[in-house]
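Remarks on the structure that follows.
FYI, it's all coordinate maths here, none of it is from the lab. Computed from a predicted model, the values in this text were never measured in an experiment. Positions of Cβ are generated from backbone atoms using ideal geometry, with glycine treated the same way; all protein chains shown enter the neighbour counts.
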Amino acid sequence: MASVAPTTDDEQTWYAACLRFYATGDADARKVVEQLEASEDSATRDRYLQLKDAARRQAHAELQAKRAAAFAARVDALPASEPPTTWSAVRAARERLSAASGRWRGAPGTARVLGGLTSLLRAQRSSRGGRVLCWVVDSVAVVESGDEAFIDEFFGVLAALAARAALDGDKLRVQVSEAWSDRALGRVYSAAPRPDVAAGGVETTDRARTNANGERDEAVPFAEKLYVLVLDLYVWFCD
């Protein structure tokens, strides 16, 4: 489609009003747009509607560029987490993932992203030692999957999983900590969503896992032992 650009002062004014409307939802700009759409002057209306569509595309592109830049900054700022070898870390990750699933699994876009993280947990646990795996997904698929509240949730889940993330061109690469044990991953995975479709795929890295058999895991507090026993039985029966 050929680009459409304003050529007169009146068209510049109209284009600016449309851009302001699509960028901010400005009420005055909305009224101008509605008045033009109701106009009976078809020649003027058709030209101005083309300009309106061009302004919408520009506003969308600028918004997506802004969101992509903010997302990249958050990836760079993802804090280093403590090794997930304590029961409190495992329980926090499980509860965070369960809460995210309950809140966001109803929307296809967010469900696909959470499903991608789930596929990483499942594959990592199934690897039974060996190498750390990596979830690779189009960064745009994550950025556009939900609103800012979901992006906050997404980074909260990454932090709870003691994950590291990096942007590689247009790809987001996510790895969970090498200190996760298979047993702890099973406890977390049992709270994860089970979507029909997951975003991205899983690849193998050259990083070695350091605690797959759980030898560095701290003992579960006595008061939690019954709960953890029931949880482990659930994980075992669901395998």
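Quick notes
- Checked against the criteria, THR86 counts as under 30 Å from ALA223 (Cα atoms) and hydroxyl-bearing (Ser, Thr, Tyr).
- Of all residues in region 223-239, those satisfying the criterion of being loosely packed, with under 15 Cβ neighbours inside 10 Å and either in a loop (DSSP other than H, G, I, E, B) or in contact with a helix residue (DSSP H, G or I) (Cβ under 7 Å, 6 or more places away or on another chain) (or both) are GLU224, ASP239.
- Unique match (being closer than 24 Å to GLY106 by Cα, free of Cβ contacts under 8 Å to residues at least 60 places away in the same chain and not in a helix (DSSP H, G or I)) among GLY146, GLY214: GLY146
- Single match in THR110, THR85 (criterion: in contact with a Gly (Cβ under 6 Å, 6 or more places away or on another chain), farther than 30 Å from VAL4 by Cα, of a type outside the set (Lys, Arg) and surrounded by 13 or more Cβ atoms within 10 Å (Cβ to Cβ)): THR110
- Scan region 191-222 for residues that are within 25 Å of LEU114 (Cα to Cα), surrounded by 13 or more Cβ atoms within 10 Å (Cβ to Cβ) and either in contact with a helix residue (DSSP H, G or I) (Cβ under 6 Å, 6 or more places away or on another chain) or aliphatic (A, V, I, L, M) (or both) and the total you get is 9.
Results for (1) out of contact with any Gly (no Cβ under 7 Å at 6 or more places or on another chain); (2) surrounded by fewer than 21 Cβ atoms within 10 Å (Cβ to Cβ); (3) part of a strand (DSSP E or B), shown as yes or no for each residue.
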| residue | (1), (2), (3) |
| --- | --- |
| ILE151 | yes, yes, no |
| PHE154 | yes, no, no |
| LEU158 | yes, no, no |
| ALA165 | yes, yes, yes |
| TRP180 | yes, no, no |
| VAL188 | yes, no, no |
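- The helices (runs of 4 or more DSSP H) found wholly in region 28-137 and carrying at least 3 residues that are over 27 Å from LEU231 (Cβ atoms) and free of Cβ contacts under 8 Å to residues at least 60 places away in the same chain occupy 42-76.
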